[in-house]
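Bear in mind these aren't lab numbers, they're just calculated from the coordinates by the rules spelled out. The structure displayed is predicted, hence computed values, not measured ones. Cβ placement follows ideal geometry from the backbone for every residue including glycine, while neighbour counts extend to all protein chains displayed.
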Amino acid sequence: MTTAPTPARSKHFSLPNMLTYGRVVAVPIVVALLYWPEKDWARWTALGVYAVAAITDFFDGYLARAWQQQSMMGRMLDPIADKLIVSACLLMLAADGAIAGWSLAAAVIILCREILVSGLREFLAGLRVSMPVSAVGKWKTTVQLLALGFLIAGPAGEKVLPGTELIGLTLLWISAILTIYSGWDYLKAGLKHVSED
């Protein structure tokens, strides 16, 4: 059974795109809640909003493919939404001390990789070359989202699960290692096209 083509305008408001828009809206909400890191209710609410946003990261792409509702808007906004929420959470967690000391290096590695990949994607797009997400990149994203979830729970999470912050920092470092590996793959792909010039 084939699906009738969806008009371009309605594709902007398809469910997969609405989920992506919701992820963008979640960013200022999580940031606002993390302005009160000492309040347990703020941490749990931030974690709830963040968790919903992280779950939609899987479903928007899956539904877009399953329902043949892929659009240019979705392709553009999906990676932007991911980078916005990750970057904002890293900055807020560094500000409240959840990420401190040597662990700041892991956060810097993750942020630098996001900028590197964004630049490479823009460069390769100009050459009409696509850069698909690698399997390591998907694992990196999963571990990174889990790490930030534990760190957002922070002291509030420690009252329920002792070691919450340590789990978060450990996962953050694992994510940083996977980030270096996947980032190098993307960089090699970019350099390959530069060398062909």
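If Lys and Arg each add +1 and Asp and Glu each add -1, what is the summed charge of the other residues whose beta carbon sits under 15 Å from the beta carbon of ASP40? Walk me through the numbers before you get to the answer.
On the way: positive: LYS39, ARG43, LYS159; negative: GLU38, ASP96, GLU158, GLU165.
Around ASP40, the charge tally is -1.
Can you tally the net charge around ALA153? Count Lys and Arg as +1, Asp and Glu as -1, for every other residue whose Cβ sits under 14 Å from the Cβ of ALA153. Intermediate results must be reported in sequence, preceding the final value.
Details: positive: LYS39, ARG43, LYS159; negative: GLU38, ASP40, ASP96, GLU158, GLU165.
So the surrounding residues net to -2.
Converting phi to 3J(HN,Hα) with the Karplus coefficients 6.51, -1.76 and 1.60 and the offset θ = phi - 60°, segment 50-57 yields 4, 4, 4, 4, 5, 5, 5, 4 Hz in sequence order, with x at every glycine or proline.
Excluding same-chain neighbours fewer than eight residues apart, the lysines reachable from LYS188 by a Cα-Cα span under 30 Å are LYS83, LYS138, LYS140.
Working note: Karplus 6.51/-1.76/1.60 with θ = phi - 60° gives segment 172-177 the couplings 5, 5, 4, 4, 5, 5 Hz, where Gly and Pro are set to x.
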